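Below is one structure, written out as structure tokens; comments come after it.
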Amino acid sequence: MERRHIGMLQVSAVGLGCNNFGRRIDEVASTRVVHAALDAGVNFFDTADIYGSTRSEEFLGRALAGRRDQAIIATKFGMAVDAQRQGAKPDYVRRAVEDSLRRLGTDRIDLYQLHKPDAATPIADTLDALDGLVRAGKLREIGCSNFSAVQLREAQQAVKAGAACFVSVQNEYSLLHRAPELDVLPECARAGVAFLPYFPLANGLLSGRFKRGEAAPAGSRFEPGAWGASSYTEANLGAVEALRHFAAARGHSLLQLAFSWLLAHPAVSSVIAGASKPEQVQGNAEAAAWKLGAEDLAEIDRLLKAA
């Protein structure tokens, strides 16, 4: 598995998103997925304090027992764990770190990310608290998520000389959601910030399971009234069909195209993808092997514009 940089960290080009742990799968299944990831060359594990109502961190920590040094652990704070535990005020930052360290069963977090901007707290105050935790050896690198280009610049400008700064931003990005190309990705390139795309399969539309002309399956996130229904459009399904044909003509799957296209962008350090079964982890890990050339990328742009 190819390794790329996030600050001082060397992470696998495909990472494992752990949002299914404690929510869709239990601890035994989560452990199988973690071990399958390590065996497939995946060393980057992304979770958050809110995932699985805090159980995701617990499951991940126990699954890595005895193999901690093989893993780069990224977790997040800031979204509401409950009415008291949320936000980015310095006192809470310090509490949230200790809580995550305890749940993960580790003495350090490799990448600690502010899950979303906190309008009630100056970013300089949050960064100062995070820098103290880096200096204390509890954090190795710090990052953010769901930040705009303007917010990234504000955070860079708020950093004191010699202090820790955000080395990554984790935002939604896929073949069907390309908003980061307008400003966030150029800002990452300018500032040397690693970009970590989440929802690389556009909530599943790029998984290969959905086809134009077919109703959204009952019980899925795309059925009428469900949270993903607004993206289940003829335009998106048409784009999916064109992309599927493009990949198949070159001996690849739509999933492989979705991952490889993201990794073709130099600012992207790792594609974070969830899994609930070991075979899904293996498929995700193998998806990074296809290297798209300039002609491929130009043809993909043409297909998406025509869809």
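The values are calculated or read from the model by the stated rules, or taken from the named source; none is laboratory data. All of these numbers come straight from a predicted model, not from anything done at the bench. In this analysis, Cβ positions are derived from the backbone assuming ideal geometry, glycine residues included, and neighbour counts consider all displayed protein chains.
Can you go through Arg190, Arg250 and tell me which one is assigned to a loop (DSSP other than H, G, I, E, B), surrounded by fewer than 16 Cβ atoms within 10 Å (Cβ to Cβ), charged (D, E, K, R) and on the phi < 0 side of the Ramachandran plot? Don't jump to the end; show me each part of the working.
Details: Arg190 fails: assigned to a loop (DSSP other than H, G, I, E, B).
From the options Arg190, Arg250, the qualifying one is Arg250.
Residues of the stretch 261-285 being outside any loop (DSSP other than H, G, I, E, B) and in contact with a strand residue (DSSP E or B) (Cβ under 9 Å, 6 or more places away or on another chain), which ones?
Going residue by residue through the stretch 261-285, those that are outside any loop (DSSP other than H, G, I, E, B) are 261-263, 268, 271-274, 278-285.
Answer for the stretch 261-285, where residues must be outside any loop (DSSP other than H, G, I, E, B) and in contact with a strand residue (DSSP E or B) (Cβ under 9 Å, 6 or more places away or on another chain): Trp261, Leu262, Leu263, Val268, Val271, Ile272, Ala273, Gly274, Gln280, Val281, Asn284, Ala285.
Go through the stretch 66-90 residue by residue and tally those that are in contact (Cβ under 8 Å) with a residue 12 or more places away in the chain and over 23 Å from the mean Cα position of the chain (by Cα).
As a first pass, look at the stretch 66-90 and keep what is in contact (Cβ under 8 Å) with a residue 12 or more places away in the chain: 67-68, 70-81, 85, 87-90.
Narrowing further to those that are over 23 Å from the mean Cα position of the chain (by Cα): 89-90.
Matching residues across the stretch 66-90 total 2.
For Pro180, all conditions in the list (1) free of Cβ contacts under 8 Å to residues at least 24 places away in the same chain; (2) over 20 Å from Pro266 (Cβ atoms); (3) not in a loop (DSSP other than H, G, I, E, B) hold save one; what is the number of the exception?
Exception for Pro180: condition (2).
Hey, among the residues in the stretch 218-247 that are part of a loop (DSSP other than H, G, I, E, B) and modelled with pLDDT of 80 or more, which one's nearest to His5 (Cα to Cα)? Lay out the reasoning, then the answer.
So the first thing to find is which residues in the stretch 218-247 are part of a loop (DSSP other than H, G, I, E, B), and the list is 218-228, 232-233.
Still in the list and also modelled with pLDDT of 80 or more: 232-233.
Numbers: Tyr232: 35, Thr233: 36 Å.
Applying the filter and picking the extreme gives Tyr232.
Which of the following residues is touching a helix residue (DSSP H, G or I) at 6+ places or on another chain (Cβ under 9 Å) and surrounded by fewer than 19 Cβ atoms within 10 Å (Cβ to Cβ): Arg135, Arg94, Arg103, Arg140? Steps first, answer last, please.
Numbers: Arg135 fails: touching a helix residue (DSSP H, G or I) at 6+ places or on another chain (Cβ under 9 Å); Arg103 fails: surrounded by fewer than 19 Cβ atoms within 10 Å (Cβ to Cβ); Arg140 fails: surrounded by fewer than 19 Cβ atoms within 10 Å (Cβ to Cβ).
It is Arg94.
Can you pull out every residue in the stretch 135-158 that is touching a strand residue (DSSP E or B) at 6+ places or on another chain (Cβ under 8 Å) and over 21 Å from Leu196 (Cα atoms)?
Across the stretch 135-158, the qualifying residue is only Lys138.
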